[in-house]
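Below is one structure, written out as structure tokens; comments come after it.
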Amino acid sequence: MLAGTPTDAEHLLPLLQQVQARFGFVSQPAIRLIAHAFNLSRAEVYGVVTFYHDLREEPVGDVVVQICMAEACQAVGCRQLAAHATSALGVSMGQSTPDGRVHLEAAYCFGNCALGPSVRIGDDIHGRVSPPRFDALLRAARQERTL
């Protein structure tokens, strides 16, 4: 991935996003290699990885479920939806299911405020998600990814 990649600072985030897309997370060895290629300290690269919510340092489940917890979604029931999701999956926010296949996390604003509460499953954003709709979306995601 590094071959042919410009090493100017403005190319750091796009490269980290590519690593994330390919491997599902940005590992410590990847941080080391990228830091060396960009002539940065590991701390500088690590700082970028930890600053951006969508970049992860560790692998997560095959299906990443994010529930928007921003103010507009709170006004229409995202806390109740989050409580349902944690109960349905048997995990807390920021955790993966015991089989490691589904990861649940809080997120803040998908830009879908008029249709809250919103959920992102993988790359797809869904609005007006009720607990029954959450269950249906999760079932579909599991089937799609043959979980």
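Annotations
- Residues in segment 114-139 that are part of a strand (DSSP E or B) and not β-branched (Val, Ile, Thr): 120, 124, 126.
- Residue 88 vs. criteria outside the structural domain of residue 14 (by TED's automatic domain parsing), in contact with an Asp or Glu (Cβ under 8 Å, 6 or more places away or on another chain) and either of a type in the set (Lys, Arg) or at pLDDT 95 or above (or both): yes
- Just one of the listed residues (111, 4) is in the same structural domain as residue 140 (by TED's automatic domain parsing), part of a loop (DSSP other than H, G, I, E, B), surrounded by fewer than 16 Cβ atoms within 10 Å (Cβ to Cβ) and of a type outside the set (Asp, Glu), namely 111.
- Flag if residue 26 is crowded, with 19+ Cβ neighbours inside 10 Å and either farther than 28 Å from residue 140 by Cβ or charged (D, E, K, R) (or both): yes
- Failed criterion for residue 143 (all others in (1) surrounded by 14 or more Cβ atoms within 10 Å (Cβ to Cβ); (2) at pLDDT below 95; (3) among the polar types (S, T, N, Q) hold): (1)
- Selection status of residue 55, over 21 Å from residue 144 (Cβ atoms), surrounded by 14 or more Cβ atoms within 10 Å (Cβ to Cβ) and in contact (Cβ under 8 Å) with a residue 24 or more places away in the chain: yes
- Applying the criterion of being modelled with pLDDT of 95 or more and touching a strand residue (DSSP E or B) at 6+ places or on another chain (Cβ under 9 Å) to the residues of segment 64-73, the residue that is farthest from residue 135 (Cα to Cα) is 70.
- Flag for residue 130 being over 30 Å from residue 22 (Cα atoms), loosely packed, with under 14 Cβ neighbours inside 10 Å, touching a helix residue (DSSP H, G or I) at 6+ places or on another chain (Cβ under 9 Å) and not assigned by TED's automatic domain parsing to the domain that holds residue 22: yes
- Residue check, residue 61 at pLDDT 95 or above and of a type in the set (Gly, Ala, Ser): no
- Residue 100 falls short on exactly one of the conditions (1) modelled with pLDDT under 95; (2) in a loop (DSSP other than H, G, I, E, B); (3) at negative phi; (4) within 18 Å of the chain's Cα centre (by Cα), and that condition is (3).
The values are calculated or read from the model by the stated rules, or taken from the named source; none is laboratory data. What you see is a predicted model; the values in this text were computed from it and never measured. Don't worry about glycine lacking a Cβ; one is built from the backbone with ideal geometry, like all the others, and counts go over all protein chains shown.
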